[in-house]
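Colleague: Just dropping this structure here.
The values are calculated or read from the model by the stated rules, or taken from the named source; none is laboratory data. Just so you know, these numbers come straight off a predicted model, no measurement behind them. Methodologically, a virtual Cβ is constructed for each residue, glycine included, from the backbone with ideal geometry; neighbour enumeration extends over all protein chains shown. Ligands, DNA and RNA are excluded from the accessible area calculation, which covers all protein heavy atoms including side chains. Shrake-Rupley method; radii C 1.70, N 1.55, O 1.52, S 1.80 Å.
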Amino acid sequence: MDIGSVGGIVFAIACILGGQALEGGHAGSLMQATAAIIVLGGTMGAIMVSFPMSDVKRGLGLGKLAFGEKKSDIGDIIKQVVELAGIARREGVLALEQKLTEIKEPFLKRAVGFLVDGVDASIARDALETEIHHEFDGGSVAAKVWESAGGFAPTVGILGAVLGLIHVMENLSDPSKLGGGIATAFVATVYGVGSANLLFLPIANKLKRKLALEKDRKTLIAEGVLSIQAGLNPRVLEEKLASYSGHHAPKADDHK
Amino acid sequence: MDIGSVGGIVFAIACILGGQALEGGHAGSLMQATAAIIVLGGTMGAIMVSFPMSDVKRGLGLGKLAFGEKKSDIGDIIKQVVELAGIARREGVLALEQKLTEIKEPFLKRAVGFLVDGVDASIARDALETEIHHEFDGGSVAAKVWESAGGFAPTVGILGAVLGLIHVMENLSDPSKLGGGIATAFVATVYGVGSANLLFLPIANKLKRKLALEKDRKTLIAEGVLSIQAGLNPRVLEEKLASYSGHHAPKADDHK
Amino acid sequence: MDIGSVGGIVFAIACILGGQALEGGHAGSLMQATAAIIVLGGTMGAIMVSFPMSDVKRGLGLGKLAFGEKKSDIGDIIKQVVELAGIARREGVLALEQKLTEIKEPFLKRAVGFLVDGVDASIARDALETEIHHEFDGGSVAAKVWESAGGFAPTVGILGAVLGLIHVMENLSDPSKLGGGIATAFVATVYGVGSANLLFLPIANKLKRKLALEKDRKTLIAEGVLSIQAGLNPRVLEEKLASYSGHHAPKADDHK
Amino acid sequence: MDIGSVGGIVFAIACILGGQALEGGHAGSLMQATAAIIVLGGTMGAIMVSFPMSDVKRGLGLGKLAFGEKKSDIGDIIKQVVELAGIARREGVLALEQKLTEIKEPFLKRAVGFLVDGVDASIARDALETEIHHEFDGGSVAAKVWESAGGFAPTVGILGAVLGLIHVMENLSDPSKLGGGIATAFVATVYGVGSANLLFLPIANKLKRKLALEKDRKTLIAEGVLSIQAGLNPRVLEEKLASYSGHHAPKADDHK
Amino acid sequence: MDIGSVGGIVFAIACILGGQALEGGHAGSLMQATAAIIVLGGTMGAIMVSFPMSDVKRGLGLGKLAFGEKKSDIGDIIKQVVELAGIARREGVLALEQKLTEIKEPFLKRAVGFLVDGVDASIARDALETEIHHEFDGGSVAAKVWESAGGFAPTVGILGAVLGLIHVMENLSDPSKLGGGIATAFVATVYGVGSANLLFLPIANKLKRKLALEKDRKTLIAEGVLSIQAGLNPRVLEEKLASYSGHHAPKADDHK
């Protein structure tokens, strides 16, 4: 579980409702099914018009990526690739075949599979880069679904508030209901602005960042395996991958 | 029919009006011909000044693309192109002529027509790419018409609301009409913000996405037919087209 | 006259004032010289600080381009260029000299003049492209003047409204004048938002679009004449120019 | 003095205050030292945090460029460069040395100095382009200081207004002071929105435009002198520089 | 200590609170723990969802860069590099080894280390550029954390204000508390707009500027040392580095 994502949402809501409670307000006045229907329903509708259904489904499905935690395995992968490079050097590329079953990471397995199958280097590169590219592009569209939701929600919330105010204004003759009516109308704004700024936009941000990190990781795997195919010296390969992953900088500090 | 587009609009409006009804408001107060005249007329006028009439017409005409459903036929097209590649390989490019009448998809037919006519590869590529490019560019301008409408509508709505408020303010002496007047003024805002966020901007989004998908599809057709001309092996061609269409990734998973 | 531009402005204003009239308001309350002085004067001043006087003059001068109608003569030009290509092919480039007086379109005349004068191809290309480039760049700065006006007008309008409200607030002791004062203050907002969204921004949009179309048109002329110089076959040249102008696509449909 | 800049500011303020006076308001209510302290002080503070002091100083210093008038001397410079090219052609590059003292424009002098000193062409080009580049980049950062001020001022103005309203709200018990208090609070908004839209943003715009024109002018000088070094024919050089400066287009019209 | 950053914040707050005090308000009404909890807590939560924890930590850590002062040592570095170039020229690159202990700047030391170790030029360039690139990219993400905080804070502040207003509206029956309640609600807006415009956005700006300057500085070091390896003449190297650092322009003025 991505503690930052879950904790961030809980923390933000706790601070906001807690702060309100300290001032004498109570969360109860925010529990309004109608405001939720207006804001979430209106936003969902706008999203359904904006994107093909396949994009919408992918966007919702990708939502869990924002909340799932995946430990960085870059260090392990570099070690594994360098080890494979050593074997390929000593015993030839075909010797990697028996190692294939030990590889867990599916993209690395596929890449090494190309090596073992003797697929031409340029075709292997093309296939691996196309896969990286497609995964990233598809993910970016999905992240855009969340970003768009973050754009529509506040305006739909304002729409809901104006509708509520219209209702209030039409019944001005009974001033005792004025305050409560305006309060109710404002709740739609709270739902719109709150869902956009505490959920939709932050989730879109984290998705984009995680997709970029995953792209970097897959690119590192592809570069590593293609370098084995090109016969690069394992020690040089390790240096190269470390610099790709940004692990180089601290190490280089030893020179001081 | 694009169920997402139609359903999204219906769903959004149902949720918003339903939510309002649950709070005691009634949709009737929103039925105001004058607000519609102000917002839609003002927006339409701004669009007519912003774009040449030919763009405006194209934009309106393209609107139905946002609501039309077109099943993805990428799988069929790949199969067809690979089959044509097999025939071309076994019996020569000229043998494709008798297949020409069986091809339904007009762009594929035109591309194969170039092959059969013996048009030079670079000229055929130029002609196909120019057509793809022009269709996409023209469509993008049309999508911009909707996007601009989504930009003008809320400000025209605010204009209408301010005009209504001016009218209210000039008649402050009769306080009993105050509430109703303000309510009426706000309806223009509802029309402006609502039409922009539930119609114009989402339609512009979907048009842009559909145009991009159509561009990818035509590019795939062009690449496929030009690869036949280049004599590419049908099996390799299938791989190539599958990777272009993003169908590669799942298939590649089999390696796991 | 560009009917879209003139009609759009008339239509927008008619709808907005008409809608207001139907609600009982009257256009008279909007006839306020002071609001016009504040908004238009303030916007004009901001523009004068923002741009050198030469740009401001050019921007104002270019305004009439947004309202002038110019029929597309692409078809005629292609016909003329292809005809010239035929003459050049049969009788040599010098034979074009006697045709020079018949050419009306000044840019085409200048381009053919280079041919007749035997100017080197690369120098002719350079000169023609530089002219296209300069005209487009200069026009873009001029369009930016209108766009900036569309950006400044609403904020100056709000400035005017706040000034009006300050005046109202200072005289709260006489409540009977409250409504009228607020109404007057709001008129500045109407002028600012209205002029920006019904005039300045749409005019800037149309200028940008017309400049882009004119650039495409001149590029087509330059390409055509330079192709004559390169000795391109007239029939191939016609195909090429048609594809440049986007006239190709429909024609290609014949293949269906 | 740049009449557009000075006149624009005076004109804008005169129109806005004049318009207000015609409606019965008086400029006196806007003379509030506290609003000026809040808006200008807060904006200045935000700028000091945003940029290193060296950038802030440069930005303030560059402000006078927006108000200084510099006649375009492009025509003179072209004449001078063409003349130098003629001398270099007839008498050799070294003959330019005695002309060096007659050259007033420092950048042209430095460029010709490279010629006379026999500096290698690629090194001379590098040095001149680096200087142009650095001057433009440094100026752009300075223009950004003004642009940022235009971004911060309105929000600081709103901050000031909200602070004023808080003060008013805390003293609601005395309604007679309500109007005056709100009026005072609004003045901060006027200062923030006014300074941004009549001063900071327009000045940033003009600085950017003037820096771009100056960059074009220096590039023309560099190209001219480097062409002398390359031995370009003076007449061709004149044509080339004229096309660079955009003076070409009208001249080409003679062909009509 | 970066006097601009610290002084700017102090100056801005002093001007704003001082201005308010002069108008009769007192800073005490702004001392509200609840508003701070809502705005800062909500913003922090949104940031935690938006970025992986590692980015958030890096962003907070980098915050001190905005407040730390680092004198420009470009002059010293150029002198040192030119001196090293002289030694390398006279006594060979290996003679630099004994100088290695005297070099304080760690990046310069590492670069010269590559020289002494005889690392291949292209590999050394790659390693140095990768390090510069990674440091800049990582820093940019960290600066984005502050920029995002500046984007979320005002909307969370408005959220807090609306929540406060809802509370006020629900208790309209007691008008004596109305003013105080609204005042309290507005404080959240002050915290949101103030923290964004006086802290978060300016800090993000300064971080971005300092990162760019540091990147330029490291690029200069890398270029200098690589030029030593390439055997560039020390005097030419000095010229080159001076032009890189922008120190060239004033010097060139001597020619006048």
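Colleague: Given charges of +1 on the Cβ of Lys and Arg and -1 on the Cβ of Asp and Glu, with all other atoms neutral, how large is the dipole of chain A about its Cα centre, in debye to the nearest 20?
Modeller: Numbers: 26 positive and 28 negative charges, 39 e Å.
Taking the Cα centre of chain A as origin, the dipole is about 180 debye.
Colleague: Another one. May I ask for the distance between the Cα centers of region D:140-175 and region B:100-169, given as a whole number of Å?
Modeller: 44
Colleague: Still on this structure, I have one more. Find which of E:Trp146, E:His134, E:Gln80 sits farthest along the positive direction of the dipole of chain E, computed with +1 on the beta-carbon of Lys and Arg, -1 on that of Asp and Glu, about the Cα centre.
Modeller: Toward the positive end, the furthest listed residue is E:Gln80.
Colleague: Okay, next question. How far is helix C:53-67 tilted off the main Cα axis of chain C, in degrees rounded to 10, range 0 to 90?
Modeller: Compared with the principal axis, the helix lies near 80 degrees.
Colleague: I'd like the interface area for chains E and A: accessible area of each alone minus the complex, both sides summed, 1.4 Å probe, protein heavy atoms only. What is it in Å² to the nearest 100?
Modeller: Values: alone 14950 and 14990 Å², together 26270 Å².
Buried area between the two chains comes out at roughly 3700 Å².
Colleague: Under a Cβ-only charge scheme (Lys and Arg +1, Asp and Glu -1), can you give me the dipole magnitude of region B:127-253 about the Cα centre, in debye to the nearest 20?
Modeller: Its charge dipole is roughly 200 debye.
Colleague: Then there is this: When ranked by the protection proxy of mean other Cβ atoms within 10 Å per residue, highest first, what sequence do the peptides E:92-105, C:200-213, B:172-185 form?
Modeller: Details: E:92-105: 13.5, C:200-213: 21.9, B:172-185: 16.8.
Going from most to least packed, we get C:200-213, B:172-185, E:92-105.
Colleague: What angle, in degrees between 0 and 90 and rounded to the nearest 10, separates the Cα long axis of helix C:106-116 from the longest principal axis of the Cα atoms of chain C?
Modeller: Taking Cα atoms only, the helix is inclined about 20 degrees.
Colleague: With label points built 7 Å along Cα→Cβ from the Cα atoms of E:Ala33 and E:Leu100, find their separation and express it in nm.
Modeller: The two pseudo-label positions are separated by 5.8 nm.
Colleague: Also, quick follow-up: What residues does region D:196-220 have that are buried by at least 20 Å² of accessible area in the full protein assembly compared to the chain on its own, 1.4 angstrom probe?
Modeller: Checking the loss per residue gives D:Asn197, D:Leu198, D:Pro202, D:Asn205, D:Lys206, D:Arg209.
Colleague: With a 1.4 Å probe and every protein chain left in place, work out the accessible area per residue of chain C in Å², rounded to a whole number.
Modeller: Working: 11310 Å² over 256 residues.
For chain C, the solvent-accessible area averages 44 Å² per residue.
Colleague: Here's another thing I want to ask about it. Give me the distance between the Cα centres of region E:1-80 and region C:183-220, rounded to whole Å.
Modeller: Each part's Cα centre sits 40 Å from the other's.
Colleague: Shape call for region D:138-256 from the C-alpha gyration tensor, a ≥ b ≥ c root eigenvalues: rounded (a/c under 1.5), prolate (a/b greater than b/c) or oblate?
Modeller: Details: a/c = 10.17, a/b = 3.76, b/c = 2.70.
Judged from the Cα gyration tensor, region D:138-256 comes out prolate (a/c at least 1.5, a/b above b/c).
Colleague: 7 Å along Cα→Cβ for the label point: how many nanometres lie between B:Thr219 and each equivalent label in the other copies, listed shortest first?
Modeller: Result for B:Thr219, in nm, nearest copy first: 1.9, 1.9, 3.0, 3.0.
Colleague: Also, quick follow-up: Expressed as an acute angle from 0 to 90° and rounded to the nearest 10, what is the orientation of the C-alpha long axis of helix D:74-91 relative to the principal long axis of chain D?
Modeller: Once rounded, one gets 20 degrees.
Colleague: Here's something else I'd like to know. Compute the signed sum of charges (Lys and Arg +1, Asp and Glu -1) over the other residues within less than 14 Å, Cβ to Cβ, of D:Ala230. Write down the numbers at each step before the final one.
Modeller: Numbers: positive: D:Arg89, D:Arg125, D:Lys240; negative: D:Asp120, D:Glu223.
Combined, the nearby Lys, Arg, Asp and Glu give +1.
Colleague: What is the spin-label model distance, in nm, from B:Lys71 to E:Asp76 if the labels are put 7 Å beyond Cα along the C-beta direction?
Modeller: So the label points at B:Lys71 and E:Asp76 sit 7.4 nm apart.
Colleague: With runs of 4+ DSSP H residues as the only contributors, calculate the mean residue ellipticity of chain D at 222 nm using -39,500 (n - 2.57) per run, divided by the residue total and rounded to the nearest 500. Before the final figure, lay out the partial values.
Modeller: Values: 11 runs with 190 residues, N = 256.
So the calculated ellipticity at 222 nm is -25000 deg cm²/dmol.
Colleague: Once you sort the root eigenvalues of the Cα gyration tensor of the protein assembly as shown as a ≥ b ≥ c, which label holds: rounded (a/c under 1.5), prolate (a/b larger than b/c) or oblate (the other case)?
Modeller: Numbers: a/c = 1.26, a/b = 1.26, b/c = 1.00.
Rounded, since a/c falls under 1.5.
Colleague: Would you mind getting me the FRET efficiency between D:Arg235 and D:His133? Use the beta-carbon distance for r and R0 = 41 Å, nearest 0.05. Numbers along the way, then the final one.
Modeller: Details: r = 30 Å, r/R0 = 0.74.
Working from the Cβ atoms, E equals 0.85.
Colleague: Continuing with the same structure: Is there a pair in A:Lys206/A:Lys240; B:Lys64/B:Lys206; C:Lys177/D:Lys177; A:Lys215/E:Lys208; B:Lys64/C:Lys218 whose C-alpha atoms are over 22 Å apart, and which pairs would that be? Could you put the intermediate results ahead of the total?
Modeller: Working: A:Lys206/A:Lys240 28 Å; B:Lys64/B:Lys206 11 Å; C:Lys177/D:Lys177 17 Å; A:Lys215/E:Lys208 25 Å; B:Lys64/C:Lys218 34 Å.
Long pairs (Cα-Cα over 22 Å): A:Lys206/A:Lys240; A:Lys215/E:Lys208; B:Lys64/C:Lys218.
Colleague: Further question: Taking each residue in D:130-140, count the Cβ atoms of any other chain within 10 Å of its Cβ, then average. What number comes out? Write out the running numbers ahead of the final one.
Modeller: Values: counts 8, 6, 1, 2, 7, 2, 0, 1, 2, 0, 0.
Per-residue shielding by partner chains comes out at 3.
Colleague: Starting from the Cα gyration tensor of region E:1-76, take the square roots of the eigenvalues, sort them a ≥ b ≥ c, and report rounded, prolate or oblate (rounded when a/c is under 1.5, otherwise prolate if a/b is larger than b/c, else oblate).
Modeller: Working: a/c = 4.65, a/b = 1.20, b/c = 3.88.
Note, shape of region E:1-76 comes out oblate.
Colleague: Further question on the same structure: For peptide B:169-179, compute the average count of partner chain beta-carbon atoms within 10 Å of each residue's beta-carbon. Intermediate values should be presented prior to the final figure.
Modeller: Values: counts 11, 8, 5, 8, 3, 0, 1, 2, 2, 3, 8.
Going residue by residue through B:169-179 and averaging, the value is 5.
Colleague: Further, regarding this structure: Rounded to the nearest percent, how much of the accessible area of region C:35-128 (1.4 Å probe, protein heavy atoms only) is carbon and sulfur? Working shown, then result.
Modeller: Values: 2710 of 4650 Å².
On region C:35-128, the fraction of accessible area on carbon and sulfur atoms equals 58 percent.
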